[in-house]
Amino acid sequence: MLTKKQHQLLHFIKERVEATGISPSFEEMKEALNLKSKSGIHRLITALEERGFIRRLPHRARALEVLKMPELAAAAAGSSKVIHTDFRPKPRPLKGLEAQDGTIELPLHGRIAAGTPIEALQDNGTSLAVPASLLSGGEHYALEVAGDSMVDAGIRDGDTIVIRRCETADNGDIIVALIDQQEATLKRLRRKGDLVALEAANPAYETKIFGPGRVKIQGRLVGLYRKY
């Protein structure tokens, strides 16, 4: 599945290559998607390449080849859903939701990336029953993990995590981070001055550093569920 921005960029590249025979420049892509920096385009290109939608042709400048389009990929998977932009969970407060068996129903939203950032798909129709004794005060919600970048922290692809909603966190906390108001990811938080580093727990992934205002904390990891 592609994010809204990834979908837009892929279509823009395809249309430009078909019209002119060459792929657009990063500056043209930035203007077409109304982004503030070329680093955002670089991140989108990398994500499309990792997902197999495009490939960079070696030894050629501005050379991108479109390998497939999301409509065809979705049809092969039996779905045509594109993940919506911006992850803004609407969790329910604990008060008044505890069942007679001592559990609390938490809203189970979509998948959160533990790898290349993806946008999280909100699904208010699904819930997860969690023992009330395991939750502290505040608002909580659950997410399914996609990817392996946090595997050394004991978080695997397919796990379900419980998140306490918050807007601040301490260094070393594992958080849900919203990047540039577009993409959500699960990473360990590191701060140094005005810079924010999102650190993976897998040596195969690099730590990514962001300037002021680019990262918004949407919650902190407090629990994990795994099916065997």
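Results, tabulated for the structure shown:
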{"quantity": "Residues with amide H under 5 Å from that of Leu224, placed H, sequence gap 5 or more", "calculated": "Val162"}
{"quantity": "Long-range amide H partners of Thr103 with built H, under 5 Å", "calculated": "Ala132"}
{"quantity": "In Hz, Karplus ³J(HN,Hα) per residue of the range 37-53 (6.51, -1.76, 1.60; θ = phi - 60°; x = Gly, Pro)", "calculated": "9, 6, 4, x, 5, 4, 5, 5, 4, 4, 5, 5, 5, 5, 8, x, 8"}
{"quantity": "Other-chain or far-sequence residues with amide H under 5 Å of Ile112's (modelled H)", "calculated": "Glu144, Val145, Ala146"}
{"quantity": "Residue order, fewest to most surrounding Cβ atoms within 10 angstrom, among Leu67, Leu10", "calculated": "Leu67, Leu10"}
{"quantity": "Relative contact order (percent, whole number), the range 4-77, Cα cutoff 8 Å, 6+ residue spacing", "calculated": "29"}
{"quantity": "Unsatisfied cross-links (Cα-Cα over 24 Å) in the set Lys30/Lys187; Lys36/Lys208; Lys4/Lys227", "calculated": "Lys30/Lys187; Lys4/Lys227"}
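Computed from the coordinates by the stated procedures, all read-outs in this text should not be read as laboratory data. Treat the numbers as computed from the prediction; the structure is a model and nothing was measured. Here Cβ is always computed from backbone atoms with ideal geometry, including for glycine, and neighbour counts include all displayed protein chains.
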